[in-house]
Every structure is written in structure tokens, then in C-alpha cells.
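First up is the structure itself, then whatever we jot down about it.
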Amino acid sequence: MAIDRFGRNIHYLRISLTDRCNLRCVYCMPEHMIFRPIAEMMQDDELLLLVRLFANLGFDKIRLTGGEPTIRPHLVEIVSKISATPGIRSLSMTTNGMLLSKLARPLKEAGLQRVNVSVDTLDAERFKQLTRWGKLDKVWDGILEAEAVGLTPIKINSVVVRGMNDCDVVDMARLTYDHPWQIRFIEMMPFAGATELQQKQVVTAKEMQQSITSSLGPLEPVHEGVLDGEARIYHLPGAIGEVGFISSVSLPFCAACSRARLTSDGKIRLCLLRENELDLLTPLRHGAGLDDLRQLIVESIWQKPWGHGLAEGEVPLNRIMSEIGG
Ligand code: SAM
């Protein structure tokens, strides 16, 4: 079991399979991004070895992310091997959905259990503006295919940007009347890259909730308001789905954090919004034994920061979001 010095059991690993992406969401990645050389990224055998080590330390929940995980070569084989790793009981993925209509079935057959798909607006034109290269109809087909093959419950991630898609919050919430999906509204967080936009155009969960209740009626807390992962979940009367809010900026959930991240270049990152990282790939490539690597993981988890420092003006600037794995 990996425990941090505050007594939190850290057992949820989010793995960035690649820093590359087939979209360029304005709040995430610059359009002309320069990527690190592939040789600096974890190769399949390195990634799978680290997964076994984490599983051995009690990590039982894995989410694959990026960059865009669906563009990682050999994705289906990687999923199959992770899902067969002893100790892993939950395996999910966060994706932009662009390639999901083709990949959903093979991923499900390989052992993937669920997907979160990022959709910030239901307006095709605004979708293009926000993602720069995205096509809403392709993503929509991907979501329906994911649902058809059983990658459920479907969760939709929607980052809300003032002046761009804050006008879409109500329509996104309305989806829950017709679909048993969880629509999760995310407060925009600041990193390197688009820092100014990320800080100036944040919409708080409270504002989003006000828009929804004034148009659609009261939001009833689900699970008596207790966090479901990182989201606070609500239900609109008459809806078959749920609405969630991830308020990392205005109402952080650090006390309940159980996660660590593995970046695509093999660093363990201890908090999404703190720069602290520890390199696992270099020691692995220099011949460190399994016990040495295990010890490095245990020691780094022990040092996990209590929480982020956004309220004190501390913004992590050593990476952009897509390099960390959101
Ligand atoms: N490419 C995949 C996708 O689009 O879902 C996975 C990686 S993406 C970095 C993971 C999640 O982070 C997405 O839901 C995305 O909308 C969200 N995200 C990206 N930049 C963000 C930011 N600055 N603040 C909050 N969420 C962000």
C-alpha cells in the first residue's frame, strides 16, 4: 500500500500514454506545439513494467489519458496487458472521442471498462473554435459507439471557458434528460502555455450551477453531496443522467485525493497542480532493479504535497496540461 505523510492511501494512477494530441483545445495546448522526441517517452515494455510495480504497491485503479491516448501506437495491446495485470480492478480512459467510433469495440474487448469523453459544447461551430481541429459529429458517433459496446457509464467532460462556451452549460446539462450519462463541468485550471486565458476566463462551479438552476430547476445532490471521485454530483428532476462539477479552483478536493500521475516521459507527478515530479524512466534505463524502483515510488508518494496552491497564486509552469495527463 502506498501511503503519503498525511495518511492518504494513494492507489489511483493516471497514466499519460502520449503527450501528442490530434486536437488543439485552446485551454490546453498551443496550436504549434513542439513535442519531445519519441525516444524520451516510455516504450511499451517500460510502461508495462512500471504498471506492474504500481499494482504491486496497491494501485488498483488506472485511467489512461494524454495527450490523446487513442493515438498511442499499440493501444489495444497495452490496454489488454494492463487489464490482465494482477491487482488492477478498474481501467478507464479519458479521450477526445475523435477515434472512438473505430476503437471502442476493440478497447472494450481488450478489457477497458469505461470512457470519459471531452465535449465542451453541442454547437459544431463553437466546438471547432474550442478544439481548433475537432469535428463534433465524429465525437458524437464515438460516444454512441462507446455506449453501444458497454464502455459505460459514459461520462462527458466539459471545460467551461468564459466568453466561449459558458452559454452552452444549460444545453449540456439538458443531455441528462435523454441520456443516462454523467455530464461533468470542469473549472479551467492554469498551467504553462495558455496561462493567461486559463486564469482570466475561469467560470466557477457556482456560476455554472446558477445558470442551470435558473433554466432547468433545482439540482438535487446525489450521494448526499459526497464527492464521486473529483466531482460533486447532482440530478435534475426527471433526468435519467447526472450532472457533476469538478471545482478544482474554487472548492478543491485535495483532502480526498488518492491519485498520482505517470507522465508519458516516465515521471511520477504527485499533484496535477504542483511541479513536483520524480523521474522513474531514467533510473529504469540505467539498470535500476525492481526493488530500487519500488522504493523510489514509495518515497515519492510519501512526499506528495497536501494540495495545490492556486489560492496563494502558485501556478505550475513546468508543463502544459497535455504533457501531464489530465
Ligand atoms: N485528449 C484527451 C481528452 O481530450 O479528453 C485526454 C487528455 S485531456 C488533457 C484530459 C481532460 O483535461 C479533458 O477533459 C480536458 O478537457 C481537460 N483539460 C485540458 N486542459 C484543461 C485545463 N486547463 N483546465 C481544466 N481541464 C482541462
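The values are calculated or read from the model by the stated rules, or taken from the named source; none is laboratory data. This structure is a prediction, so every number in the text was calculated from the model and none was measured. Note that we place each Cβ from the backbone using ideal geometry, even for glycine, and neighbour counts take in every protein chain shown. Calculation scope for accessible area: heavy atoms of the full protein, side chains included, ligands and nucleic acids excluded. Shrake-Rupley method; radii C 1.70, N 1.55, O 1.52, S 1.80 Å.
Give the dimensionless ratio obtained when the Cα radius of gyration of region 249-290 is divided by 2.2 N^0.38 Å.
Output field value: 1.46.
Could you work out how much longer the chain between Thr204 and Ala288 gets when fully extended? Use 0.36 nm per residue separation minus the Cα distance between them, nm to one decimal.
25.8 nm
Solvent-accessible area of Tyr234, probe 1.4 Å, all protein chains present, reported in Å² to the nearest ten, please.
Accessible area, nearest 10 Å²: 40 Å².
For the chain, take the longest principal axis of its alpha carbons; what is the angle in degrees between that and the long axis of helix 136-149, to the nearest 10 within 0 to 90?
Roughly 70 degrees, rounded to the nearest 10.
Report, largest value first, the span of the C-alpha coordinates of region 125-259 along each principal axis, in whole Å.
Ordered largest first, region 125-259 gives principal extents of 38, 36, 34 Å.
Cα atoms only: what Rg and Dmax, in Å, come out for region 271-326?
Gyration radius and largest Cα-Cα distance of region 271-326: 13.6, 41 Å.
Can you give the convex hull volume of the alpha carbon atoms of region 207-326 per residue, in Å³?
Measuring per residue, one finds 143 Å³ for the Cα hull of region 207-326.
Given q = 0.09, 0.11 Å⁻¹, what are the Debye log10 I(q)/I(0) values for region 1-130, with equal point scatterers placed on the Cα positions and solvent ignored?
Log10 I(q)/I(0), no solvent term: -0.30, -0.44.
If you fit an axis through the alpha-carbon atoms of helix 44-56 and take the longest principal axis of the Cα set of the chain, what angle between them do you get, 0 to 90°, nearest 10?
It works out to around 90 degrees.
Roughly to the nearest percent, how much of the accessible area of the chain is carbon and sulfur, given a 1.4 Å probe?
Whole-percent figure for carbon plus sulfur exposure: 54.
Translational diffusion coefficient of the chain at 25 °C, 0.890 mPa s, Stokes-Einstein with Kirkwood Rh over Cα pairs, in µm²/s as a whole number.
My calculation gives 122 µm²/s for D.
In degrees from 0 to 90, rounded to the nearest 10, what is the angle of the helix 100-110 Cα long axis to the longest principal axis of the chain?
Relative to the chain, helix 100-110 is tipped by roughly 50 degrees.
Which residue, Gly67, Gly97, Gly289, tops the fluctuation ranking in a GNM of the chain built on C-alpha contacts under 10 Å?
Result: Gly289 has the largest fluctuation of those listed.
Could you give the dipole magnitude of the chain about its Cα centre, charging the beta-carbon of Lys and Arg +1 and that of Asp and Glu -1, in debye to the nearest 20?
In total the dipole reaches around 320 debye.
Once you wrap a convex hull around the alpha carbon atoms of region 45-193, what is its projected area averaged over all directions, in nm²?
Mean projected area for region 45-193: 9.7 nm², to one decimal.
Above 14 angstrom, tally the Cα pairs of region 10-64 and express them as a % of all pairs, no decimals.
63 percent
How much area per residue is accessible in the chain when the probe is 1.4 Å and only protein heavy atoms are counted (Å²)?
41 Å²
How big is the dipole moment of region 130-249 about its Cα centre under a simple scheme where the beta carbon of each Lys and Arg is +1, that of each Asp and Glu is -1, and everything else is neutral? Debye, nearest 20, please.
340 debye
Straight-line reach from Lys138: which lysines fall under 23 Å, measuring Cα to Cα and dropping same-chain residues less than 8 apart?
The qualifying lysines are Lys102, Lys108, Lys128, Lys155.
For region 9-94, run through the trypsin sites (Lys or Arg not before Pro) and keep only the ones in DSSP coil with at most 14 other Cβ atoms within 10 Å of their Cβ.
The qualifying sites are Arg89.
Using θ = phi - 60° and the Karplus curve 6.51 cos²θ - 1.76 cosθ + 1.60, what whole-Hz ³J(HN,Hα) does each residue of region 317-322 get, with Gly and Pro shown as x?
10, 7, 8, 8, 3, 5
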